[in-house]
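Shown next, in structure tokens, is the structure this report addresses.
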Amino acid sequence: LPDLDNWNPTAAAQQFVDLLFPIAAAPRRQTAIDAWESFNEPAPVNADQMARLAEFESERTRLLGAAGIRSCVGNFSTGQPDLALWPAFYPALQAAQEHGGYLGLHEYSAPEMWFGSGVHQLQDGSNEGDEGWLTLRYRKVYRNFLQPAGLVVPLIVTETGVDGQVSGRPGPQGKGWKDFAAYWVAQGLATTTPAGFYIEQLAWYDAEIAKGGYVLGAAIYTLAGPSGWEAFEIHGQAADILRE
């Protein structure tokens, strides 16, 4: 990821496009790939950093768009960025809107996918309605920022699932959904199997994102991941349930 305090976004965008274009412009990729991301889970902490990221994303979106190649901008991690930073990202969303692109967000939670949404809060009596701070956070973004600004760019949730690395949550330590299997059983939540209960959570999320009209879909992380990420993998029993 770039050093957002010491970075030339325009030059970086040109360099990015110079590297990507020979790959993305191949005919078979143009028909198979809808859009290209840049940095995974960038983490701007103030408006200046967000503005630099937006300049990079808007420039590389325009450069690729001139060749008919679409972009997916953002791809922020779950619970990020701070809501107050969204106006500084508007230029990237404007470029995506002009060139048929998308906004990408990651939405995870734990110990279940719905924690942080609705009534599932740490503080008793708190209720976020049909929104959330982790999953369903995108509704806060669209309702409070993008819709008033006229920037309702189609959304792709480029990663989703259970991720125990989110902060301020109940439950045991863990990473992916497999690390919570014993906890779900002990709490009486997994009435079938842990894999079955995880699929129930994914089905809940699928039903929710279908309500908005601008969410195109969500990608489960992951079918089979690299070393260290095995707890996220759904191949095996979870994938078998999805096939049914």
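The values are calculated or read from the model by the stated rules, or taken from the named source; none is laboratory data. The structure presented is a predicted model; accordingly, all values stated were derived computationally and were not measured. Cβ placement follows ideal geometry from the backbone for every residue including glycine, while neighbour counts extend to all protein chains displayed. SASA here: full protein model, heavy atoms, side chains in, ligands and nucleic acids out. Shrake-Rupley method; radii C 1.70, N 1.55, O 1.52, S 1.80 Å.
Over the C-alpha atoms of the stretch 71-114, the Rg to Rh ratio, Rh being the Kirkwood estimate, stands at 1.07.
With the simple spin-label model, which puts each label point 7 Å out from Cα in the Cβ direction, the L122 to D48 separation comes to 3.0 nm. Here each label is just a point 7 Å from Cα along the line to Cβ, and for L242 and S227 those points are 2.5 nm apart. Toward the positive end of the charge dipole of the chain, with +1 on the Cβ of Lys and Arg and -1 on the Cβ of Asp and Glu, the farthest Cα among S58, S126, L85 is that of S58. Can you work out the FRET efficiency for the pair Q173 and A66, with r the C-beta to C-beta distance and R0 = 51 Å, to the nearest 0.05? Computed FRET efficiency for Q173 and A66: 0.60. Based on the alpha-carbon gyration tensor of the stretch 1-42 and its eigenvalue square roots a ≥ b ≥ c, which shape applies: rounded if a/c is under 1.5, prolate if not and a/b is larger than b/c, or oblate? It is oblate, given that a/c is not under 1.5 and a/b is not larger than b/c.
Look at where the Cα atoms of the stretch 218-240 and of the stretch 83-115 average out, and the two centres are 23 Å apart.
Once the C-beta distance of Y214 and Q165 is scaled by a Förster radius of 35 Å, the resulting FRET efficiency is 0.80 to the nearest 0.05.
Expressed as cubic angstrom per residue, what is the convex hull volume of the alpha carbon set of the chain? Spread over its residues, the Cα hull of the chain gives 144 Å³ apiece.
Within the stretch 151-203, the proportion of C-alpha pairs whose separation exceeds 14 Å stands at 59%. Averaging Cα coordinates gives a centre for the stretch 37-82 and one for the stretch 189-216; these two points are 28 Å apart. Across the alpha-carbon atoms of the stretch 6-129, the computed radius of gyration and Dmax are 16.9, 55 angstrom.
Over 17 Å, how big is the tail of the calculated P(r) for the stretch 105-244, in percent of all Cα pairs? Tail of P(r) above 17 Å: 61 percent of Cα pairs. Atom-type composition of the exposed protein surface of the chain places 51 percent of the accessible area on carbon and sulfur (1.4 angstrom probe). Counting only the Cα atoms, the stretch 94-179 fills a convex hull of 92 Å³ per residue.
With all projection directions averaged, the alpha carbon convex hull of the stretch 30-99 covers 4.6 nm².
When only Cα pairs below 8 angstrom with a gap of at least 6 residues are kept, the chain shows a relative contact order of 15 percent.
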